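Below is one structure, written out as structure tokens; the observations come after it.
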Amino acid sequence: MPFPRTLFPALLAASAVAPAATYAVDFEKEVKPILKKYCYECHSESAKKEKAGFVFDNLKRFAKDIGTNLVIEPGKPSASHFYEVIADPNVDNAMPPDGPMPQKDIDKIREWIAAGAAFDPNAPKVAFKKELPPILKWTNAEGRSIKAGFERLEGENVVLKMPDGKYVQYPLSKLSPESQQLARECAAP
């Protein structure tokens, strides 16, 4: 079964368990130059273009697209449509239209969103739960693999969310050492 396109950004980050950002990304020094290089041509007041209504060079206007259930969800790159269109070249309306930006720039934007998508590097960091890909590869002690999401550890069992939405408990002791470690990392705060 193919994955829905909306899952791709989280799967891009499948270095699986990425730690929460430990510092605020400096928007002016680290993110704004990326936006200027790849986005201002179509999304700026200076270029007199506001495609799809987005403007990134006017921070008051840009700020109106940042928040819960908006284009950029602070602390949640995989829930942010902005991140999805730059991270997944196969999504409808992938940006920039001439081809993807370098991975290091995509990663920097992801870090900025994960740290709270603030314009001020001294702004309080957003407290959020570590973001996990919705689907991970789990291997049992016999070498058989499945793909499922991590839900929680429950005693000596890992609770996995299957692609069909059902939850399954599986004994940690029956997982491969790598999958046991992955379960512990996923459960860590």
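List the relative contact order of the stretch 56-178 as a percent without decimals, with contacts defined as Cα pairs under 8 Å and 6+ residues apart.
15
Using the Cα atoms as the points, what is the convex hull volume per residue of the stretch 32-82 in Å³? Hull volume over Cα atoms, normalised by residue count, gives 79 Å³.
The length gained by stretching the chain between residue 90 and residue 103 to full extension, at 0.36 nm per residue less their Cα-Cα distance, is 3.2 nm. What the stretch 35-75 shows is 61 Å² of accessible area per residue, with the surface traced by a 1.4 Å probe over protein heavy atoms. Scaled to the globular estimate 2.2 N^0.38 Å, the Cα spread of the stretch 70-177, given as radius of gyration, is 1.35. Rounded to whole numbers, the Karplus 3J(HN,Hα) couplings from phi for the stretch 37-51 are 5, 10, 10, 4, 4, 10, 9, 8, 5, 4, 8, 6, 10, 9, 4 Hz, using 6.51 cos²θ - 1.76 cosθ + 1.60 with θ = phi - 60°, and x at Gly and Pro. Among the trypsin sites (Lys or Arg not before Pro) within the stretch 23-91, those in coil by DSSP and having at most 16 neighbouring Cβ atoms inside 10 Å are 48, 64.
The values are calculated or read from the model by the stated rules, or taken from the named source; none is laboratory data. Keep in mind that what you see is a predicted model, and the values were worked out from it rather than measured. A quick note on method: Cβ atoms are made from the backbone with ideal geometry, for glycine too, and the neighbour counts reach across all protein chains shown. Just so you know, the surface numbers come from the protein's heavy atoms only, side chains and all, with ligands and any DNA or RNA stripped out. Shrake-Rupley method; radii C 1.70, N 1.55, O 1.52, S 1.80 Å.
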